[in-house]
1. For Lys113, which lysines qualify as cross-link partners when the Cα separation must be under 19 Å and same-chain residues fewer than eight apart are set aside?
2. Normalised by the residues of the stretch 1-148, what does the relative contact order come to in percent, with Cα pairs under 8 Å and at least six apart?
3. First check a/c for the chain, with a ≥ b ≥ c the square roots of the eigenvalues of its C-alpha gyration tensor; if it is under 1.5, answer rounded, and if not, answer prolate when a/b is larger than b/c or oblate otherwise.
4. Which FRET efficiency value, to the nearest 0.05, do you get for Gln64 and Ser218 by plugging their Cβ-Cβ distance into 1/(1 + (r/R0)^6) with R0 = 22 Å?
5. To the nearest 20 Debye, how big is the dipole of the chain about its Cα centre, given +1 on the beta carbon of each Lys and Arg and -1 on that of each Asp and Glu?
6. How high is the FRET efficiency from Lys118 to Arg228, r the C-beta distance, R0 41 Å, rounded to 0.05?
7. Report the gain in length on full extension from Glu142 to Glu38: 0.36 nm times residue separation, minus Cα-Cα distance, nm rounded to one decimal.
8. Can you list residues from other chains, or at least 5 along the same chain, whose modelled amide H is less than 5 Å from the amide H of Arg115?
Amino acid sequence: MSTAPDRAQGALSYVPARGGVAALRRAAADCHGCPLYEDATQTVFGAGPAHARTVVVGEQPGDQEDREGEPFVGPAGRLLRKALAEAEIDEREVYFTNAVKHFKFAPVGEGKKRRIHKAPSLREMAACRPWLEAELHRVDPELVLILGATAGKSVLGNSFKVTESRGTLLYLPGAGLPAPAPQRQDGEGGGRGLVATVHPSAVLRSRDRAEAYRGLVSDLHVAARFLR
Ligand code: SF4
């Protein structure tokens, strides 16, 4: 007799004990670890090389990602890819993922056909965290690039503030998710590197988009220097 996975555990009971990111992706397609799967089209799992040098962590899939089933294929993703290229980070060596794997939205407008992004709750972030943890363990990147507050809180804990941490090289111990407060080590460091910056959607919403974009690229240069 099969037993229903325990919703209180979030995604944990869906994460396979073995296999690489392809096995994770297959299993995540059926995740009901929180209610977000109910209205979204599909799980949008991470994508990229199975052992990429860099893992980019965003917030959650957007409208276009939800329809296509791929992360960072919408306007914010295109902007990010342009900024990565400008900072000379090869996107072919990047694994792209999100803190939360289903699109959370509110239907608006005539016939409620338009879907606008809603930020995931702390509970939804916690429910989905086992997927991100498993991705980081199995990809085992040299660098984690955090995009925005939700990704930062998911990886580093609730006290994370992107305004305080952006553009600074941090080091994380171990192969999986770090302890909530990473040790800042300028110069020589051990462990996995981490750089935080703003989410590219914040650049798109910015009143001074050119300035915000320059800030994003500047932070990415910190990541690029670490990877050299
Ligand atoms: S958002 Fe995450 S935990 Fe919730 S159903 Fe989707 S994959 Fe599972």
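FYI, it's all coordinate maths here, none of it is from the lab. Predicted model only: the values in this text are computed from it and were never measured. Here the Cβ is made from the backbone with ideal geometry for all residues, glycine too, and neighbour counts use every protein chain on show.
1. Counting by Cα, and skipping residues close in sequence, Lys113 has these lysines nearby: Lys104.
2. Values: 267 pairs, mean separation 47.6, N = 148.
Across the stretch 1-148, relative contact order equals 32 percent.
3. Details: a/c = 1.73, a/b = 1.19, b/c = 1.45.
Oblate.
4. Numbers: r = 27 Å, r/R0 = 1.22.
Once rounded, the FRET efficiency stands at 0.25.
5. Working: 31 positive and 27 negative charges, 78 e Å.
It comes to approximately 380 debye.
6. Numbers: r = 39 Å, r/R0 = 0.94.
E(calc), rounded to 0.05, equals 0.60.
7. Details: separation 104, 0.36 × 104 = 37.44 nm, distance 3.48 nm.
Between Glu142 and Glu38, full extension yields 34.0 nm more.
8. When sequence neighbours closer than 5 places are left aside, the close amide H contacts are Val108.
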